[in-house]
Amino acid sequence: MRTVQSAQFRTDTNGGVAIIFGLIIPVLIGFAGLGVDGAHWMMERNKLQAATDSAAISAAQAIQLSGTETVIKSEAGKLLGKVYGASLEGVRFDVQHPPKTGPLAGNLTAVAITAERDQPIFFLGLFGVKNTHVSSRSVAQVDSVAESCLLALSPDIDKAVEITGNSTVNLGCGIASNSTASNSVYLSGASKTTATSVSAVGDVFQSNGAKLTTTSGAPKSKSAATIDPYGPEGRNLQIPSMPSKCTASQLKIKANKTLSPGRYCGGIDMTGGTTTFQPGTYIIDGGNFKANGNATLAGTGVTFILTGTGSDIALLDVNGGAKVSLHAPKSGTSMDGVLFFQDPGTGDTNTNTSKTGGGKTCGKATGSAYGGESYINGNADMNMSGAIYFPNQFITISGGTNSNMSCLQVIAQKIKISGNSSISGTCDAQSGTAKMARSTVELKE
């Protein structure tokens, strides 16, 4: 009897499908659970990666600002706290400065953030899966460009910084151009340029004969623009209120003379003798600030503001055997560190105008705010400190200029250096000039 029942059981197919489903359904449920939990893990992992990316960037910025390990770690924790709450419940992170592994291991300009976070188990907990977590790693690096002292502000002009001929330019600082042109910084002829750095929003062009030496890394093309240190994003300097009356009009100086601060209408033309400028601000309203021949200029704590109306905008014109010893104020005025300052309200962006200054005709650059061209040339002997700020003008330094700049800073739409010009100098912390340093932070991993 038992034998018959066993045989029947082995050959009976009733209920076979149910048994198969009974075996398959848990597997299907397991795969569905894995899909649900896996999607949740992926979402949380992406969230953690975004958080560590932001934390790495903030920590790298802290490297540039302070460099202390406490501040760097604090910045990383703040960014993670914004995502996961101040208590960072379930989150464990590590700040590595410099990174311990990877391509930037040991690099003090980089920081690595590693983090992991415990994840809850939903369906897979039924199958004994426990203690799951997601992890991420982000590495950011500070890309610094040394402080600049030559800055071309034009956003698009060709050869915004142009160094040609037999020029010798020795700078204890950098060269920067905000032009997007393919020859944004243009080096040609037999020029020799030494600078801490060269950066351009566009490209840096160097001919075969031109020599360029940079002491803080290779020239950088396609860089971020450098902020105008005296414009709206910087100190936002404006000309002071002008006196209603002119201190002098179309002043011509041929012999020794001492001048006081004030409004000089129609310019100042110095052809001989020594002109001594008492400390203060000199507003040159139209005409030219011109030094020719045997003129000698001397002044400490002085600022010259070049302004005007219409096409009559004051220009700087230093020529011939002029000897110039002028130094900007260092403390106590809004113009600290500024020697020559072109009124940023001058310049016409809509019409092509020209102005004759010092025997030169200055044509307007189409599409740019342009208020003429200033010159420092001939055999001028200059001992100057402070910023030469011409946001709407071109400036040309050329022709055997012998410069002793204790602090050189030239900012203009376009800067051209040619001839046998030789320029050197740096600005220290007490000079009063605004710094033109640029740093960017990039995610590397």
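The values are calculated or read from the model by the stated rules, or taken from the named source; none is laboratory data. Here the structure is a predicted model, which is why all the values come from computation and not from measurement. Cβ: placed from backbone, ideal geometry, glycine included. Neighbour counts: every protein chain shown.
Exactly one condition in (1) outside the structural domain of Val410 (by TED's automatic domain parsing); (2) of a type in the set (Lys, Arg); (3) within 19 Å of Lys435 (Cβ to Cβ) is false for Arg235; which is it?
That leaves (1) as the condition not met.
Can you name every one of the strands (runs of 3 or more DSSP E) wholly within segment 281-385 that holds 2 or more residues which are modelled with pLDDT of 90 or more and of a type in the set (Gly, Ala, Ser)?
296-300
State the number of residues belonging to segment 165-188 that are farther than 22 Å from Lys222 by Cα and of a type in the set (S, T, N, Q).
The number of residues fulfilling the criteria is 4.
Taking strands (runs of 3 or more DSSP E) that fall entirely within segment 186-269, which contain at least 2 residues that are over 22 Å from the mean Cα position of the chain (by Cα)?
So the answer is 248-253, 257-259.
Can you tell me which residues in segment 112-145 are modelled with pLDDT of 70 or more and over 37 Å from the mean Cα position of the chain (by Cα)?
Arg117, Asp118, Gln119, Thr132, His133, Val134
When the residues of segment 45-78 are narrowed to those that are at negative phi, of a type outside the set (A, V, I, L, M) and at pLDDT below 75, which ends up nearest to the chain's Cα centre (by Cα)?
By that ranking, first place goes to Gln64.
Do any residues in segment 84-96 that are without any contact (Cβ under 8 Å) to a residue 60 or more places away in the chain and at positive phi have Cβ atoms under 7 Å from those of residues that are surrounded by fewer than 17 Cβ atoms within 10 Å (Cβ to Cβ) and part of a strand (DSSP E or B), where the two are at least six apart or on different chains, and which pairs are they?
Filtered contacts from segment 84-96: Gly90/Asp118.
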